[in-house]
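Please read the structure below before turning to the comments.
The values are calculated or read from the model by the stated rules, or taken from the named source; none is laboratory data. None of these values were measured; they are calculated from a predicted model. Virtual Cβ from ideal backbone geometry, glycine too; neighbours counted across all protein chains shown.
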Amino acid sequence: MQGGKIHKGKIRLMLTITSIAVILMFSVYAADKFLMPVSFVLLILSMIPFYLEFEKKELNAEEMVLIAMLSALAAVGRVPFAALPSIQPTSFIVIMSAMAFGKEVGFLVGNTAALISNIFLGQGPWTPWQMVSWGMMGFTAGWLKDVNLMESKHRLCFFGFVWGFLFGWMMNLWVLLFFQLSDISWKLILSSCIASFKFDLNHALCNVVFMLLFHERFMKVFSRIKEKYGLLK
């Protein structure tokens, strides 16, 4: 059973990565007028398998409330830090949710947190990209935990550091697509990643700091909730 769950996780991960890869290829080769519509369609399609899998779970009211609270915590945690570029605890909360309650919960928390926080910070064409990026951050954290690759705090810090950059690189794509540049190329994509390096580094280091300071406390609280109330086991 566990092997089957991991196998399904790999399939969903591959589907989402493939969708992002297709978007990247379209950004290089497709006609300008199709770039943004195609990216939105592929992003939405990449999220469907996760919601369908989550829909199959038999959740009680308490578990739904817990997921809603985690999503709200991740979303609200982003708002006070809006004035500080790429510095926020949202990514940390998304990763911790996945580590404690599983990859599906991690994806849902990250996905929902982006949507809710943008109600306060502003919705736009960047919202679906943030939803997928934070959702995949949570999903991959839970998936790596399932295959025993997140056993130590050092690995967790490394994961948070890497995703600080991956998140920024994924967000760079929507900017290029939004402006419908006619000369999009791999060099331009690389240049955008270099230009965002400072902000991505802030995000990466912020994730590491939160991991070092609060990882054990959050895991202790989440584990206690999980065991005491029998939620999301």
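Worth pointing out:
- Residue ranges of helices (runs of 4 or more DSSP H) in the range 121-229 with at least 2 members surrounded by 15 or more Cβ atoms within 10 Å (Cβ to Cβ) and hydroxyl-bearing (Ser, Thr, Tyr): 127-146
- From 81, 40, 34, residue being exposed (fewer than 15 other Cβ atoms within 10 Å of the Cβ) and either over 21 Å from the mean Cα position of the chain (by Cα) or modelled with pLDDT under 70 (or both): 34
- Selection of the range 56-85 for residues being in contact with a Ser or Thr (Cβ under 7 Å, 6 or more places away or on another chain) and assigned to a helix (DSSP H, G or I) yields 70, 71, 74, 75, 79.
- Matching option when the condition is small (Gly, Ala, Ser), under 25 Å from residue 85 (Cα atoms) and modelled with pLDDT under 90, among 191, 185, 223: 191
- Top-ranked residue in the range 87-107 [being within 9 Å of the chain's Cα centre (by Cα) and of a type in the set (A, V, I, L, M, F, W, C); ranked as farthest from residue 200 (Cα to Cα)]: 107
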